[in-house]
Amino acid sequence: MQQRNSTAEEYHQRVNIVVEYIHNHLGENIDLTMLAEKSHFSPFHFHRIMKAFLGEPIWAFIVRTRIETAARLLRYTDMSIESIAYQIGYSAPSSLSKAFRQLYGISPNEYRNNIEYMIMKPTDIRTDLDITIKVEERPSKQLMYIRLTGEYASLDYCGTWEKLFQYAAELQIPCNEMEHIAIYPDDPKVTEPSKLRSELCLSVPHPVPAKGEIGSKELPGGKYAVFRYKGPYTNLGAVYDTIYGHWMLQGEYILRHAYAYEIYLNNPVDTAPEDLLTEICVPVQ
């Protein structure tokens with residue numbers, strides 16, 4: 001007889017469904033009653049449970065996700081403020097401007113025109129890093145993942161990978177058919193550390209059933225600028241700053257509205273830090 005999931009595992013699955021829906025429908029009207037129905041929580045319990053898992057009310061999570069997306073688009077693309085507003089779900093640029101100023105204390109236009117203004121951390125652009133670049137079509141990938149929240153340095157990466165591998169073993173998926181992938185939906189330049197999300201993933205050859213905190217989803221395929229970086233993980237923050245603040249601004253490609261992801265090509269357990277290989281795949285059009 002199949003063992004019943006614990007309450008916490010069941011809640012993790014339902015919260016994952018809601019968060020993924022928000023990510024994929026940011027430009028639409030997101031109705032909270034509809035989200036409660038998708039989660040199969042009663043409206044009375046929905047808001048309390050989502051706040052417990054997300055660390056903030058669901059409406060605040062939606063607003064913050066939209067405004068942080070706007071900040072990235074303002075800084076790294078030449079999209080008009082009007083287009084950005086519509087893409088992230090605002091009916092008018094004035095609505096975006098009001099929300100943006102409330103969160104960051106500056107208007108979208110001021111933020112775009114003042115390249116020196118940093119919402120949180122300063123940019124660390126280093127053109128001396130060992131980075132090679134290619135642009136190519138990448139296929140979609142099926143993922144199993146665990147979402148973590150908090151400052152990157154505080155997270156239990158090893159324990160999380162171990163949980164994923166244990167589940168893969170239960171499903172009898174060979175290790176040589178899986179890639180180590182990480183998705184970081186938030187930008188540490190604009191998101192406070194306690195709210196940063198990390199999704200540690202294993203690619204799998206076919207969709208797998210969700211189980212507790214382990215979710216299952218598809219990583220979209222398409223055109224990606226692939227930056228292969230050789231060096232220690234401690235420099236990855238500077239790698240991202242250099243990609244978005246230098247290479248992407250000088251290149252001929254425009255960012256596509258999808259999340260970048262990392263692929264870890266060798267094992268830090270038996271590889272010297274200076275020899276670690278990481279691919280950062282940035283969606284472009």
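Just need the relative contact order of the chain here, percent rounded to a whole number, with Cα pairs under 8 Å and 6+ apart. Could the numbers behind the result be given before it?
Details: 436 pairs, mean separation 58.2, N = 285.
Worked out over the chain, it gives 20 percent.
For E116 and E192, what does the FRET efficiency come to when R0 = 22 Å and r is the distance between their Cβ atoms, rounded to the nearest 0.05? The computed FRET efficiency comes out at 0.60. Farthest toward the positive end of the dipole of the chain, out of W247, T191, S97, is the Cα of S97, where the dipole comes from beta carbon charges about the Cα centre. Modelled this way, with points 7 Å down the Cα-to-C-beta line, the labels at F165 and K230 are 2.6 nm from one another. Once backbone amide H atoms are built at 1.01 Å from N, K223 has R138, V284 as its partners under 5 Å, excluding neighbours fewer than 5 places away on the same chain.
Karplus-based coupling profile of the stretch 215-222, in residue order and whole Hz: x, 9, 7, 9, 8, x, x, x, with θ = phi - 60° in 6.51 cos²θ - 1.76 cosθ + 1.60 and x standing for Gly or Pro.
Amide H to amide H distances under 5 Å link Q142 with V204, L219, where only residues 5 or more positions off or on other chains count and H is placed in the peptide plane. Two numbers describe the Cα atoms of the stretch 58-200: Rg and Dmax, which are 18.6, 54 Å. Solvent exposure of the chain amounts to 51 Å² per residue of accessible area, where only protein heavy atoms count and the probe is 1.4 Å.
Ordered by 1.4 Å accessible area with all protein chains kept, K189, K38, K51 run largest first as K51, K38, K189.
Across the stretch 93-109, coupling constants 3J(HN,Hα) worked out from phi with the 6.51/-1.76/1.60 Karplus curve, θ = phi - 60°, read x, 4, 5, 4, 4, 5, 5, 5, 5, 4, 7, 10, x, 8, 7, x, 5 Hz, and Gly and Pro carry x.
Projecting label points 7 angstrom from Cα along Cα→Cβ for E218 and S107 puts them 4.2 nm apart. Cβ-Cβ distance of S94 and E20, R₀ of 41 Å, FRET efficiency by 1/(1 + (r/R0)^6): the value works out to about 0.85. What the Cβ-Cβ distance of E151 and D130 gives, at R0 = 22 Å and to the nearest 0.05, is a FRET efficiency of 0.25.
Could you tell me whether the stretch 202-285 comes out rounded, prolate or oblate from its Cα gyration tensor? Rule is a ≥ b ≥ c as square roots of the eigenvalues, rounded for a/c under 1.5, then prolate if a/b exceeds b/c, otherwise oblate. Write out the running numbers ahead of the final one.
Numbers: a/c = 2.42, a/b = 1.16, b/c = 2.09.
The shape class here is oblate.
Would you work out what percent of the accessible area of the chain, with all protein chains in place, is carbon or sulfur (probe 1.4 Å)? With neighbouring chains kept in place, the figure for the chain is 52 percent. Simple point charges give the picture: +1 on the Cβ of Lys and Arg, -1 on the Cβ of Asp and Glu, and for the chain a dipole about the Cα centre of about 780 debye.
Solvent exposure of H257, expressed as accessible area, is near 100 Å², computed with a probe of 1.4 Å over the protein chains only.
The order of the peptides 22-29, 100-107, 130-137 by mean Cβ neighbours within 10 Å, most packed first, is 100-107, 22-29, 130-137.
The values are calculated or read from the model by the stated rules, or taken from the named source; none is laboratory data. As the structure is a computational prediction, the values presented were derived from the model and not from experiment. Cβ sites come from the backbone with ideal geometry, for glycine too, and all protein chains shown count toward neighbours. Remember, those area values only see protein heavy atoms, side chains included, never the ligands or the DNA or RNA. Shrake-Rupley method; radii C 1.70, N 1.55, O 1.52, S 1.80 Å.
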